[in-house]
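Data first, discussion second: the structure below is written as structure tokens.
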Amino acid sequence: MSSSKKIDPRSMKRLNKQLILRHLIERGPRSRIELVAMTGLANSAIWRITEELIQEGLIEQKGYFMRTNTKRASVYGPTKAFATSLIIDVQVLQTTVALGFLDGSWEIISSFPTNGFEEFLNNIDSIMNSKLFDERLRKGKTRMVFSLPGIVDSKNCTLLYAPNLKWHNVDFREHFTRYGFEILIDNDSNLSLLGESFFAKDIKNSNNAFFLYLGEGVGGALLINSNIVKGSNFAAGEIGHSILMVKNTIFEVEELLSISKLVSMFEQTTGENLKGSLKERFDAIVKFWLAGDKTTHQLIDDFLKNLVITIRNIGYFMNPEIIVFGGAVSNLWETFGSFIEKELLQIDIYGFLRNIKFRDTIFKSVSPSLPGCNITAINKILEDMNNA
């Protein structure tokens with residue numbers, strides 16, 4: 001006797017609802033007619049579900065789409081009436097606070113020096129007690145999302161180890177649940193790659209990719225079979241803690257490729273006292289390099305040669321389709337790409353790097369992990385819709 005499993009209509013409706021909202025988030029505002037063509041769902045289902053999404057405050061009318069000279073169809077898109085995420089983008093030197101919205105956009109609210117953990121807690125508390133957010137933070141809809149440097153247990157919301165911050169085994173739910181929002185945390189490199197995978201078509205259409213995060217430290221994130229891989233101990237992609245042999249001495253990659261350490265080395269060697277953010281100080285070094293300063297050329301040449309070896313190791317180990325450079329610096333490939341390509345040709349013995357695409361992050365005005373925080377919150381909203 002055969003039996004077939006019945007389809008739960010409520011479950012199917014939740015999936016369709018999730019499908020429609022995801023289309024609108026990822027592809028922008030659309031009319032109901034366009035949604036029918038994109039999803040394959042019946043016009044009646046599209047009408048019913050969009051009405052529900054409007055009632056729930058998740059989408060709103062964005063304008064009209066001209067069907068004929070006399071008829072106009074309403075166009076719907078994700079609402080910005082509430083914040084999907086309260087973003088806390090923690091970097092070693094500075095923390096940025098922002099709001100993220102359902103359409104993938106964000107708004108910077110404030111920033112402060114990260115410093116020690118107690119001072120960090122006080123700064124967050126001061127911001128949460130202010131009126132900076134008006135009514136855009138909604139209990140049950142807004143997630144509080146932290147981007148963190150180091151090894152992050154995203155399942156248990158625990159920062160296991162952040163050597164550059166000297167923070168260890170920090171339970172973020174314990175410290176921040178009191179504000180009334182669901183807490184989400186992840187590693188800055190993973191979040192950067194997540195942001196790229198949402199906004200950049202080449203990553204979205206790739207099976208395998210790598211994000212090389214260069215800032216105060218060095219991190220990496222792996223996209224394998226279109227999924228970000230974190231590893232059993234949440235350390236997958238941590239290229240900064242791999243090692244290189246330089247002049248018969250073993251170094252962690254982070255010692256050789258940290259932008260912060262490069263800036264410090266430049267200042268110590270030249271006596272210059274650079275001002276501004278880490279990116280601004282790096283850009284100042286590039287100007288010395290472009291001007292032909294010999295000391296700067298030696299520092300940059302050593303940095304780039306170590307970078308090339310690291311890229312070769314990444315390319316030979318996972319053979320990604322794309323390697324993206326980002327972090328504190330958003331113009332590394334634009335500035336040094338021709339030099340890197342030339343050096344790679346000399347050490348790519350088997351041609352494994354030949355078809356890899358290299359580029360800078362698409363995020364130029366903010367740390368790439370910041371938009372990734374909002375995408376984490378959006379994905380959680382979609383996941384919760386399916387589990388409701």
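A few points about this structure:
- Hey, Phe317 free of Cβ contacts under 8 Å to residues at least 12 places away in the same chain and closer than 16 Å to Leu212 by Cα or not: yes
- Set Glu252, Glu196: member being closer than 29 Å to Gly104 by Cα, among the acidic types (Asp, Glu), in contact with a strand residue (DSSP E or B) (Cβ under 8 Å, 6 or more places away or on another chain) and modelled with pLDDT of 95 or more: Glu196
- Tyr76 vs. criteria more than 21 Å from the chain's Cα centre (by Cα) and surrounded by fewer than 19 Cβ atoms within 10 Å (Cβ to Cβ): no
- Listing of strands (runs of 3 or more DSSP E) fully contained in the range 201-273 that carry 1 or more residues being open to solvent by 70 Å² or more (accessible area, probe 1.4 Å): 227-229, 243-246, 249-252
- Any hit, the range 117-129, residues being under 15 Å from the mean Cα position of the chain (by Cα), open to solvent by less than 60 Å² (accessible area, probe 1.4 Å) and closer than 21 Å to Asn187 by Cα: no
- Of all residues assigned to the range 154-162, at least one qualifies as being open to solvent by less than 20 Å² (accessible area, probe 1.4 Å) and within 30 Å of Asp360 (Cβ to Cβ).
- Set Ala221, Ala236: member being touching a Ser or Thr at 6+ places or on another chain (Cβ under 6 Å), free of Cβ contacts under 8 Å to residues at least 40 places away in the same chain, of a type outside the set (Val, Ile, Thr) and within 24 Å of Thr158 (Cα to Cα): Ala221
- Top-ranked residue in the range 282-292 [being in contact with a helix residue (DSSP H, G or I) (Cβ under 8 Å, 6 or more places away or on another chain) and either of a type in the set (Ser, Thr, Tyr) or more than 17 Å from Gly326 (Cβ to Cβ) (or both); ranked as surrounded by the most Cβ atoms within 10 Å (Cβ to Cβ)]: Ile285
- Lone qualifier among Thr296, Thr310 - being without any contact (Cβ under 8 Å) to a residue 40 or more places away in the chain and either part of a helix (DSSP H, G or I) or farther than 30 Å from Leu194 by Cβ (or both): Thr296
- Qualifying positions in the range 97-142 - over 16 Å from Thr79 (Cα atoms) and in contact (Cβ under 8 Å) with a residue 60 or more places away in the chain: Ala98, Ile108
- Take the conditions (1) closer than 17 Å to Asn374 by Cβ; (2) in contact with a strand residue (DSSP E or B) (Cβ under 9 Å, 6 or more places away or on another chain); Arg22 misses just one of them, which is (2).
The values are calculated or read from the model by the stated rules, or taken from the named source; none is laboratory data. Small disclaimer: the values here were computed from a predicted structure and weren't measured. Backbone-built Cβ (ideal geometry, glycine too); neighbour counts: all protein chains shown. Note: areas computed on protein heavy atoms with side chains; ligands, DNA, RNA excluded. Shrake-Rupley method; radii C 1.70, N 1.55, O 1.52, S 1.80 Å.
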